[in-house]
Amino acid sequence: MNPPYPGLKYKIEGGKEFWEGPLSFVARFDSVRVKDTFKICIELSPEPGEFPLVMENGGRIESLLARGKAKRAVDLHVNPNSTICFCPKPEERRRFHGVLDLKRFIQELVIPYFFALHQFEKTEKWIWGQYSHGHLGIMEYYFDHKSDNDTALLQDCLKAMGFASGKVMENKVQLNGHEKCPCGSGLKFKKCHPMALAGLKAIIKDYFNSDQS
């Protein structure tokens, strides 16, 4: 089996499929040129079209957290299970049209992430403009990309956030932004992540205006 990227090796462990090894790349953005190697593991999904889980297993993310360079893993777009969040789930589906091309996935999402992580190690700043982590990023993505009668995007966002039932949506109708932000900052939602709040309100409104309610 040909590797999707040089240096990665295929293995099966516990009934799961992986590509694992060094990810060496040279990339440039504007005047910034990065040459680096990260140790990564890509766990393939058994579901057709579902995107793989990617982990950095060389200890560099752990080191950033241990040295206090990043306060929380989510600030580096790392999930609680140590997998990396590259972009909002609906963006994954739309960018690749539900078909996984692993080589393209590495080139378009994985390498840019590690490019940014390399720069963060140097500057403690994330080089890309970005959506927030997790559900907040999905809300922001919906606000950015919604259009009239785009029920497919609405369904994608609802599914990605686990808001599949009308009961869940009804419990969120009274949001006014004075609630504490879901990110855990302790600030009011409208002050901390205003774009995410606007996106959530749009999702609620469009849900009840659609035939999904």
- Query: If we scan segment 67-86, do we find a residue that is within 24 Å of Gly184 (Cα to Cα), surrounded by fewer than 17 Cβ atoms within 10 Å (Cβ to Cβ), hydrophobic (A, V, I, L, M, F, W, C) and more than 15 Å from the chain's Cα centre (by Cα)?
  - Reply: no
- Note on the structure: Filtering helices (runs of 4 or more DSSP H) wholly in segment 135-213 for at least 2 residues that are modelled with pLDDT under 90, over 30 Å from Phe96 (Cβ atoms) and assigned by TED's automatic domain parsing to the domain that holds Val78 gives none
- Condition set closer than 23 Å to Gly7 by Cα and in contact (Cβ under 8 Å) with a residue 40 or more places away in the chain, scope segment 46-66, selection farthest from the chain's Cα centre (by Cα): answer is Arg60
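Yes/no matrix, rows are residues, columns are (1) out of contact with any strand residue (DSSP E or B) (no Cβ under 6 Å at 6 or more places or on another chain); (2) within 28 Å of Gly98 (Cα to Cα); (3) of a type in the set (Val, Ile, Thr):
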residue	(1), (2), (3)
Gly7	no, yes, no
Glu13	yes, yes, no
Glu17	yes, yes, no
Pro22	no, yes, no
Val32	yes, no, yes
Thr37	no, no, yes
Ser45	yes, yes, no
Leu64	yes, no, no
Arg67	yes, no, no
- Residue within segment 109-132 that is touching a Gly at 6+ places or on another chain (Cβ under 7 Å), exposed (fewer than 15 other Cβ atoms within 10 Å of the Cβ) and at pLDDT 85 or above present: no
- Selection from segment 1-35 of residues that are β-branched (Val, Ile, Thr) and over 30 Å from Lys122 (Cα atoms): Ile12
- Considering each residue of segment 67-95, count those that are of a type in the set (A, V, I, L, M, F, W, C), without any contact (Cβ under 8 Å) to a residue 24 or more places away in the chain and in a helix (DSSP H, G or I), and give that number. 1
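The values are calculated or read from the model by the stated rules, or taken from the named source; none is laboratory data. Since we're looking at a predicted model, the values are computed, not measured. Note that each Cβ is placed from the backbone with ideal geometry, even for glycine, and that neighbours are counted across all protein chains shown.
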